[in-house]
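Computed from the coordinates by the stated procedures, all read-outs in this text should not be read as laboratory data. Treat the numbers as computed from the prediction; the structure is a model and nothing was measured. Because the Cβ atoms are built from the backbone with ideal geometry, glycine has one as well, and the counts that use them run over all protein chains shown.
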Amino acid sequence: MGNSSKPKPTKIARRKSAPGARAVGRIRKTGGAASAVQPGFSQAIKDLVAWLDTVGQPYSVIGGMAVIAHGQARTTQDIDLAWVPTGPTAAAKLLAAAKAYGFAPRIKNAAAFAEQNLVLLVVHQPTGVPIDISFAMQEFELRAARNAKRRKLFGVAIPVVGLSDLIIYKMIAARTQDVADVEMLLTSNDIIDPKAIRRTLREFDALLETDRAGEFDRAWRVSGRRG
């Protein structure tokens with residue numbers, strides 16, 4: 001897998017559905033916000049950290065769990081991660097270490113699927129929590145993963161993508177839930193870098209022929225923030 005400085009919308013903007021995902025479970029409180037999640041998330045995250053820390057390479061929580069980690073109330077039924085791969089056999093190497101920590105492929109030929117689609121679909125077998133591991137390949141994703149900071153998520157310290165980078169991920173995906181997430185995230189008291197967000201979104205707009213930067217600006221103005 002080669003490295004490129006240009007973002008590829010087919011990898012970042014598209015998110016695979018999670019086959020076999022279970023219904024949302026009980027209400028838990030984390031980061032100052034009540035969030036509905038499946039039972040067993042704490043154990044799944046604990047085992048996930050043990051697995052990925054052993055394998056090595058930067059990684060970070062993205063998606064709904066990252067929104068929760070940044071203090072917003074959110075329902076979710078899976079865990080989305082970005083992980084920096086090591087080469088053309090990264091998926092197979094990652095899966096080889098998975099079983100010892102309770103993880104298994106969610107689909108047949110998961111490694112081949114991951115090499116082609118840049119997302120590895122696994123499940124935490126003890127709890128049934130689905131995990132989507134996106135391979136971070138582009139400049140933005142690499143930087144976001146490497147700059148991630150560990151936050152407590154359901155009692156477990158795990159790298160979580162920074163707030164500005166999470167907003168970029170959400171604006172690129174631009175589904176209804178993602179837009180709602182951005183509106184919530186903009187109410188945060190934490191530092192947000194609007195210039196960096198606009199700069200990255202314009203790069204994607206040039207490829208996608210979209211107006212994600214403009215959509216972000218509208219959300220920014222509605223939020224009442226300055227900058």
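Brief remarks on what is shown
- Relative to the compact-globule estimate of 2.2 N^0.38 Å, the Cα radius of gyration of region 111-227 comes out at 1.17.
- In order along region 122-127, the Karplus-derived 3J(HN,Hα) couplings, from 6.51 cos²θ - 1.76 cosθ + 1.60 at θ = phi - 60°, round to 10, 9, 7, 4, x, 10 Hz, and Gly and Pro are given as x.
- For region 96-169, the calculated P(r), taken from all Cα-Cα distances in 5 Å bins from zero up to the bin holding the longest distance, is 3, 14, 17, 22, 21, 17, 6, 0 percent.
- Rh by Kirkwood over Cα pairs, then Stokes-Einstein D for region 157-220 at 0.692 mPa s and 37 °C, µm²/s: 277 µm²/s
- Ordering of 123-131, 173-181, 61-69 by burial proxy (mean other Cβ atoms within 10 Å per residue, highest first): 61-69, 123-131, 173-181
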